[in-house]
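Report on the structure given below.
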Amino acid sequence: MKHRFSSLLAALLCLTLLGGMLAVPVQAASALPESITYGPVATAQEAAQLICDAAQDVMDTLTLPPATLFSLRGLIISLDKLVSFFVRALLTAIETLLPPARSREDLASYTSEHFLPGYQTFVTAAAAGARWKLGYDSRSIMPADFGEKAYRMGGYDFNKFATETVHSQGGDGGAEDYLKVRTVVLDDGSGRGAVAFAALDVIGLSNADVRAIRAKLQDLTDNGSLAAINVSSTHTHSAIDSQGLWGNDLLTMLGTNVGAGYLPSLIKPIQGIDQTFLQTMVDQTAASIREAFRLREAGELLYSRKAAPQYFSDKIDPFIAVDDVYRLRFVPDQTGAKETVIASFGAHPERVGMITGDNPGNVVSADFVPYMEKVVKEQGAPQGTNFLYLQGPIGTRISADVGPACDGMPYNRLEGTQRFGQEMGYFLLGMGKTEAQCAALYADQYAADLARVEETGSNPENYSLWYKGWDDAPVTEQSVDPYLNIALAEVLAEVKNPILKAAGKMWLANNKMVVDHKTGKTYTLTEVGYLELGGQVKVLLQPGETSPELIVGGPNLSSSGSVSGKAFPYAPLRETVDQDLIVFDLMNDSIGYIIPDNDSTTLLLRYVDGKFTDTGSLGGNLNDSLLLTFSNKIASTMISAFLDLVQSVKK
């Protein structure tokens, strides 16, 4: 009732503020192409939306409890709303001065292509005699001319170029530290089609790029061989720019693309992403999925999980992380065939790309991922082990904590990253083993560690074995029932971030955007998915970087603990969907941070319980006013779409 009253007041205030504006004639655009939003109309629509949003913010603030409203916290909440309005107004004014949105389709005429909804019906038990089938493939996605041509990196600095990989420099110890795509195709033999999962060592991929990959596999989707194709990124911050957001002589590009917007017949726009790299990613990923589909073989799928809080750190208040490591292990029926390990946990692979005193930050690397892979491949099953890493819920600043892996020994930034990956590889292999078995597995590396401790003069007391106390929380592998369910839904998510709207206009990014010309609202087309592996594993397939509190809960979901003084409208998903729900992030898109609506802020300050806490830094927990999220309503949009999807398949 309170929310409805607030919305009604906001609507009345919005109409009052707009009265004078709507009385002013606006230049007709009926003679212009309907697929283009032109200046005067667009400006009026943007202004109207801005005023309506501001009115809603005012009403939300006025309906706070008096004890909150008339306090220092209430003042800070009001100030944050005011700053947000002015920042967004300034950026919106700049965005509307840009040329018409020729790169956007009209929502009314949009036709979906290469979207795969998954299965129409879910099953609840395996068929008699059913066996899992799994196929695996991995291959390089490095452009053929890399080294001869410098490629811009994505993740940190603008216009930072690289001509070498850690592998080409010989600094990876044979871990093949360059950019790859790794693919698994799963099939339960039910005849409903197989399901592909591919992960690329890049910062992110747009949904448009994912659909380009699917287009190359249309023969397999049209005949029902593949029911779903899911493509994700590991989110390494030291890869070639796969999104087009990190430079390319920005001033030249903007100048050219502004001209192309006004004079499309005379000026060709400059694409943000390097087209050679984009085509390489699309071609190699499609080829990898096709090969993995061909190589399917029968076997057993096993599932395990283990908490590992010591390896993950959240740098943003409130400090919440999903600290479990998940492992799926496929054991083929055929003697001597390679096993496959699928690993998932939430941590930004962000170390190698950062420029520091001991790290140049200008060498292409897949960060910690290939070092996990090397250990799993070499120390796993005697016949060899394939490896796939799928990113978990990483929020805005959840990082790999290398401290426990480095054990107080002097490692530079790259070496610490390698050490973290190696230790996580052993951790994965130890799941399902006893402490004594872990000790035997690690014996050679332990001897090498002790030698390095002595060689470097490090304090032996700082050294800790990752498997110490392993039997205190034993891990039991479960056999996964051989049936598979998957459903996906297209989602229209409103884009309120003026910078991302401008990026779409200027061909800086590949994210698909459409415009509703009736309202002037801009939307991005994305996807959300729900996966079940037997009765044991349930997964949210999320297209962005999910704040863990949306999954496991946290104080900032409540009115008393949030920046806004309001509660988030949905309960944590582990309370409403499944208590062990897993999240695969950056799946089928890269839509940025998915932060609770009620906890987005421009001031970067949270004032709760009489004290200030930092909610981020530039590019951290910002919403409307900066780069890294589409809207301050993106969390409720995606959670609502996911819950609707789950409900639809449970009927």
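In table form, for the structure just shown:
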| read-out | value |
| --- | --- |
| Using distinct alpha-carbon pairs, which all enter the 1/r mean, Kirkwood radius of segment 472-512 in Å | 15.2 |
| Quotient of C-alpha Rg and 2.2 N^0.38 Å, computed over segment 145-252 | 1.31 |
| Cleavage-rule hits, trypsin sites (Lys or Arg not before Pro), segment 457-546, DSSP coil, Cβ neighbours within 10 Å at most 15 | K468, K518 |
| Loop chymotrypsin sites (Phe, Trp or Tyr not before Pro), segment 312-413, which have at most 10 other Cβ atoms in a 10 Å radius of their Cβ (DSSP) | none |
| Ratio Rg/Rh [Cα only; Rh per Kirkwood] for segment 401-453 | 0.98 |
| Heavy-atom accessible surface of segment 124-254: percent carbon and sulfur, 1.4 Å | 50 |
| Total formal charge among the other residues, if their Cβ is under 13 angstrom from that of Q379, Lys/Arg +1 and Asp/Glu -1 | -2 |
| Accessible-area value, Y426, 1.4 Å probe, nucleic acids and ligands omitted, Å² | 20 |
| Positive minus negative residues near S313 (Lys, Arg vs Asp, Glu; Cβ under 13 Å) | -2 |
| Pairs from K81/K496; K216/K338; K538/K650; K180/K377; K538/K651 whose Cα-Cα separation, in the structure shown, is over 20 Å | K216/K338 |
| Within straight-line cross-link reach of K133, aspartates and glutamates at Cα separation under 15 Å, skipping those fewer than 8 residues along the same chain | D187, D188, E291, E297, E300, D333, E339, D481 |
| The chain: antiparallel DSSP beta bridges as a percent of all, rounded to 5 | 75 |
| Within the accessible area of segment 266-318 (1.4 Å probe), percent carbon and sulfur | 53 |
| Longest exposed-site-free window of the chain, the sites being GluC sites (Glu not before Pro) in a DSSP loop that have at most 11 other C-beta atoms within 10 Å | 149-651 |
| Rg [Å, one decimal], Dmax [Å, integer] - the chain, C-alpha atoms | 25.3, 81 |
| By accessible area with a 1.4 Å probe, ligands and nucleic acids excluded, highest first: order of Y262, Y530, Y446 | Y262, Y446, Y530 |
| Check: the chain dipole with +1 on Lys, Arg Cβ and -1 on Asp, Glu Cβ, in debye | 1580 |
| Summed side-chain charge close to E477 - residues other than E477 whose Cβ falls under 13 Å, Lys, Arg +1, Asp, Glu -1 | +3 |
| Selection of trypsin sites (Lys or Arg not before Pro), segment 365-448, meeting DSSP coil and at most 12 other Cβ within 10 Å | none |
| Gap separating the Cα centres of segment 556-604 and segment 312-379, nearest whole Å | 24 |
| Candidate lysines - alpha carbon under 17 Å from K468, same-chain residues fewer than 8 apart omitted | K306, K433 |
| Helix-only mean residue ellipticity at 222 nm for the chain, each DSSP H run of n ≥ 4 adding -39500 (n - 2.57), per residue, nearest 500 | -10000 deg cm²/dmol |
| Residue-normalised accessible area of the chain, given per residue in Å² at a 1.4 Å probe | 40 |
| Within straight-line cross-link reach of K160, lysines at Cα separation under 16 Å, skipping those fewer than 8 residues along the same chain | K149 |
| Cα shape, segment 184-338, gyration tensor, a/c 1.5 rule | oblate |
| Binned Cα-Cα distances of segment 89-185, short to long, each 5 Å bin given as a whole percent | 2, 7, 8, 10, 10, 10, 11, 13, 12, 9, 4, 1, 0 |
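The values are calculated or read from the model by the stated rules, or taken from the named source; none is laboratory data. Remember, it's a predicted structure, so these values are computed and weren't measured experimentally. Note: ideal-geometry Cβ built from the backbone for every residue, glycine included; neighbour counts use all protein chains shown. Side chains included, ligands, DNA and RNA excluded: accessible areas come from the protein's heavy atoms. Shrake-Rupley method; radii C 1.70, N 1.55, O 1.52, S 1.80 Å.
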